[in-house]
Amino acid sequence: MEHFDTIVVGAGVAGLTAARLLARDGRRVAVLEARDRVGGRVWTDRTDGLVTDLGASWIHGVTDSPVAAAAAAFGMRTAEFTVGGYQPDSRPIAYHGPDGERLPDADAHRFAADIHDVDATLLDVVAASAPDASYRDVTEAALARQAWDAERVQRVREYLEHRSEEQYGAWIEDLAAHGLDDDSIDGDEVVFPEGYDRLPQQLAEGLDLRLEHVVSHVRWSADGVVVSTDRGSFAADTTVVTVPVGVLKSDDLVVEPPLPEPVAGALGRLEMNAFEKVFLRFPTRFWDDGVYAIRQQGPESRWWHSWYDLTSLHGTPTLLTFAAGPAARETRDWPEGLVVESVLAQLTRLYGDRVEQPTHVHRTDWQGDPFARGSYAYMTVGSSTADHDDLATPIGGVLHLAGEATWTDDPATVPAAMLSGHRAASNILGRDIPIDEVWSN
Ligand SMILES: Cc1cc2nc3c(=O)[nH]c(=O)nc-3n(C[C@H](O)[C@H](O)[C@H](O)COP(=O)(O)OP(=O)(O)OC[C@H]3O[C@@H](n4cnc5c(N)ncnc54)[C@H](O)[C@@H]3O)c2cc1C
């Protein structure tokens, strides 16, 4: 059996970061990856010469972001696109009222101001919330403190439901009260016109990568680990397991002996979400000019409420919308044509007969991906923010979990994945590694 200093399971950003830092230190490291590519949930499609990020696309705030620093060091071109964090008014947004008509600017500003007022109230309400409170509970408490009529409350309530879905892919009653605590944006948001996958590709350079190795068992003891795959077993002194929470909770990958506390409890309280991207390419750009996004309010906005104009990035008229939370679960088995019809019905409310049939549609299926089982993890009701870091508690001195779900400060992101990989490598080496070693030569 081949023996390594460290085996890293998973070649996403977390695993590649850990492997790169350990290899730099002279350790013998192998990365076992189930897919035939690196990057995991960072995945760029290049069909027909168009660059489409099917997984992560944004850096949600470049200030002090290790991913922004790595991208700059790797020469990755970025483009500012500051609406990714479901912000109400960071950049121009065309809001349409419940009747489908575009709101006058003054009404749109008032709506955004209402959201900011509720958010200011929410800080205290969330801080004082019971351990089993949901995001619905705290947002209702915050809304109750505003002296508004029912209509005004309902518009903001819808927005808060959509934010829970678009940010965490979870229905508002299923998300913990603290589930959006770390949802802050520091600086501009940017995307990668040439594809986010350049990041994992750069991180992977020079590593001993074993692609198409599906790990089924991780057996650990004081003596080290044995990792079994469909292509044989590998031994190591230590291992970093970076598979998504959904894989870790499934029978597809078994850890023996089972994960101890506090890791097991934390894992039980985190769940994979339902969050899919729907890209629609059109012959012409029939929607509002000069805006980053289009949003609609009212009962018709339950599923399809926000569209992002990617035309300038993709060089062809393109809208991105999300099936998030209940919409993702319910449309999961729909044929593509039905999804398109459902989305176009809403766009038609806003733009009438200017709406065209798309020439090309791309819909993701992260829920059906056996190596992801959803897009990212969310905090179920009853979980606390500490569950993220608890998940990374080193086990028996030999087993380390890393990945987006193991990072408390801004989980569910690429920076969280990178920082968690950096932490796992630091724990194994027993010293603090400067973060810039991730991207320096
Ligand atoms: C649709 C979507 C949109 C997103 N948008 C953003 C965004 O805009 N900004 C942002 O910052 N983040 C975003 N994210 C989240 C971000 O992509 C993830 O947080 C991050 O990429 C996770 O990295 P990771 O290394 O923790 O996990 P992964 O990238 O999932 O890496 C884990 C690896 O383990 C492998 N693996 C799984 N099972 C096995 C097995 N049995 N054996 C061997 N290998 C296995 C997987 O194939 C994968 O390569 C988005 C994600 C999705 C899906």
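No value in this document is a laboratory result; all are computed from the given coordinates. A quick note: this is a predicted structure, and the numbers were derived from the prediction, not measured. Cβ atoms come from the backbone with ideal geometry, glycine included; neighbour counts cover every protein chain shown.
For this structure, a couple of remarks:
- Ordering Val218, Leu207, Phe275 by the projection of their Cα atoms onto the charge dipole of region 175-283, which places +1 on the Cβ of Lys and Arg and -1 on the Cβ of Asp and Glu, puts Val218 at the extreme positive end.
- Contact order, relative form, for the chain: 25 percent (alpha carbon pairs under 8 Å, 6 or more residues apart, mean separation divided by residue count).
- Here r is the Cβ-Cβ distance between Ala235 and Asp409 and R0 is 56 Å; the resulting FRET efficiency, rounded to 0.05, is 0.95.
- Cα centroid of region 113-140 to Cα centroid of region 183-259, whole Å: 35
- Mean projection area, nm², convex hull over Cα of the chain: 20.6
- Each Lys and Arg contributes +1 and each Asp and Glu -1, all at the Cβ; summed about the Cα centre of region 80-122, the dipole is approximately 100 debye.
- Environment charge of Phe192, counting only residues whose C-beta is closer than 14 Å and scoring Lys/Arg +1, Asp/Glu -1: -4
- Inter-probe distance in nm under a simple model that places probes 7 Å from Cα toward Cβ, at Glu205 and Leu50: 3.0
- Karplus-derived 3J(HN,Hα), 6.51/-1.76/1.60, for each residue of region 412-417, Hz, glycine and proline x: 6, 10, 5, x, 4, 4
- The chain: most fluctuating residue of Arg302, Arg231, Arg363 per GNM, C-alpha cutoff 10 Å: Arg231
- For region 306-428, the relative contact order works out to 11 percent when only alpha carbon pairs closer than 8 Å and six or more residues apart are counted.
- Rounded to the nearest 5, the antiparallel percentage of DSSP beta bridges internal to the chain is 60%.
- Cut-off 17 Å (backbone N to label point 7 Å along Cα→Cβ of Asp25), residues of region 387-405: 393-403
- Inter-site label distance for Phe286 and His109 at 7 Å from Cα along Cβ, in nm: 3.2
- Taken one residue at a time, the phi angles of region 431-441 give Karplus couplings (6.51, -1.76, 1.60, θ = phi - 60°) of 8, 6, 9, x, 4, 6, 5, 5, 10, 7, 7 Hz. Gly and Pro are set to x.
- The stretch between Met1 and Arg332 holds 115.0 nm of extra length on full extension. This uses 0.36 nm per residue minus the Cα-Cα distance.
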